[in-house]
1. Is there a pair in K68/K117; K5/K38; K68/K124; K7/K49; K7/K124; K7/K38 whose C-alpha atoms are over 24 Å apart, and which pairs would that be?
2. Using only DSSP helix segments of four residues or longer, with each worth -39500 (n - 2.57), what per-residue ellipticity at 222 nm results for the chain after dividing by its residue count and rounding to 500?
3. Tell me the net charge near F40. Cut-off is 13 Å between Cβ atoms, F40 excluded, with +1 for each Lys or Arg and -1 for each Asp or Glu.
4. For the pair K39 and D18, how long in nm is the line joining their label points, each one 7 Å along Cα→Cβ?
5. Quick check for me: using +1 on Lys/Arg Cβ and -1 on Asp/Glu Cβ, what's the dipole size of the stretch 4-66 about its Cα centre, in debye to the nearest 20?
6. Can you figure out the FRET efficiency of R98 with K60, using R₀ = 35 Å and their beta-carbon distance, to the nearest 0.05?
7. Quick query: amide H of S93 versus all other amide H atoms, modeled in the peptide plane; which residues come in under 5 Å with a sequence gap of 5 or more or a different chain?
8. Give me the one-decimal nm value for the distance between modelled label points at L46 and M26, 7 Å along each residue's Cα-to-Cβ direction.
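None of the figures in this text is laboratory data; all of them are computed from the coordinates on show. Keep in mind it's a predicted model, so treat the numbers as computed, not measured. Neighbour counts run over all protein chains shown; Cβ positions are idealised from the backbone, glycine included.
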Amino acid sequence: MITQKAKYALRALTALADADADEPVMISDIAAQQKIPKKFLEQILLDLKHHGIVVSRRGKQGGYLLLKPAHTITFGEILRIVDGPIAPLPCLSITAYRRCDDCDGEQNCQIRHVFAKVADATRKVLFSTTIADAAQPTHSAEVTRLLA
């Protein structure tokens, strides 16, 4: 299950992808449009800025813009930034592998074998679905197909 913070991050990025590419969007506008608490959104966007996903502009015409094209930002990338490893078990994590505390051996663990399939399928969907896919209605059928 993803966190509320991750859902807000994905929704904010989708809102930025829907906006004009050269026009910054104010935090207050994203917060109102996406029903995200403004202070929480500020923290999320600052984190995404530090990871090179968005950029901010100051001033009267200030706000946030996507730094990377929406079609290059995957759901998996954002979930890793916001929530950390994408794995149902620590022994299946690609970025933060850790042997399970009660492990008698990964090769013989039937639970691990089942959840390895779950993790692989999940990663396949998350890393092949982009913010552009979610933002553009023409891609919604493709996203639905991937999630089915």
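1. K68/K117
2. That calculation yields -15000 deg cm²/dmol at 222 nm.
3. Charge balance in the 13 Å sphere: +4.
4. If labels sit at K39 and D18, their model points lie 2.6 nm apart.
5. Computed charge dipole of the stretch 4-66: roughly 340 debye.
6. The formula returns an efficiency of 0.10 here.
7. When sequence neighbours closer than 5 places are left aside, the close amide H contacts are R98.
8. Those two pseudo-labels are separated by 2.0 nm.
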